[in-house]
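Read the figures in this text as sums done on the coordinates, not as results from a lab. Only a predicted model underlies this, so the values are computations on that prediction, with no experimental measurement involved. Positions of Cβ are backbone-derived with ideal geometry, glycine not excepted, and every protein chain shown enters the neighbour counts.
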Amino acid sequence: MSRQRDAPTRAEPRWARVAAVIEVPVGGLRAVSTDNGAVVLANVDGDVYALEDRCSHQDYPLSAGELEGEELECPFHGARFDVCTGRALQLPAITPVRSYQVDVRDGDIYVRLD
Ligand code: FES
């Protein structure tokens with residue numbers, strides 16, 4: 001008697017449409033809601049990045065900050081983050097914020113939530 005095993009299953013990536021590209025102008029930020037919580041979108045020279053919208057210093061929203069090139073400055077105490085990676089670049093933040101994979105299709109922005 002042979003045993004039949006189910007093939008291992010791999011969860012499909014979970015993407016969510018969060019905005020239209022035109023809603024995030026070059027050099028701009030936009031806060032969006034997702035099933036994972038608040039996310040801030042950043043448009044750096046036409047490339048869109050997504051970070052958790054919560055500063056790793058004291059949890060204030062990074063979407064209230066300013067984008068300078070690839071750096072997002074938190075307006076509350078001046079921490080800076082690399083929007084491409086979420087890495088903390090300047091005190092008082094020392095830990096990164098979560099970075100999300102982004103896909104732009106047909107004028108819409110999708111964020112990978114898994
Ligand atoms: S909450 Fe962002 S630097 Fe303090």
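Between I94 and R112, 0.36 nm times their residue separation minus their Cα-Cα distance comes to what? Don't skip to the end; give the middle numbers.
Working: separation 18, 0.36 × 18 = 6.48 nm, distance 2.47 nm.
Fully extending the segment from I94 to R112 adds 4.0 nm.
First obtain the Kirkwood hydrodynamic radius of region 37-114 from its Cα pairs, then insert it into the Stokes-Einstein equation at 10 °C and 1.306 mPa s, and state the resulting D in µm² per second as a whole number.
The Stokes-Einstein estimate is 129 µm²/s.
Sorted by average packing, counted as other Cβ atoms within 10 angstrom per residue and highest first, what order do 36-44, 52-60 take? Intermediate values should be presented prior to the final figure.
Details: 36-44: 20.0, 52-60: 18.1.
Taking the mean over residues of other Cβ atoms within 10 Å, the ranking is 36-44, 52-60.
Need one number: nm distance between label points at A11 and F76, each 7 Å from Cα along Cα→Cβ, rounded to one decimal.
Those two pseudo-labels are separated by 2.8 nm.
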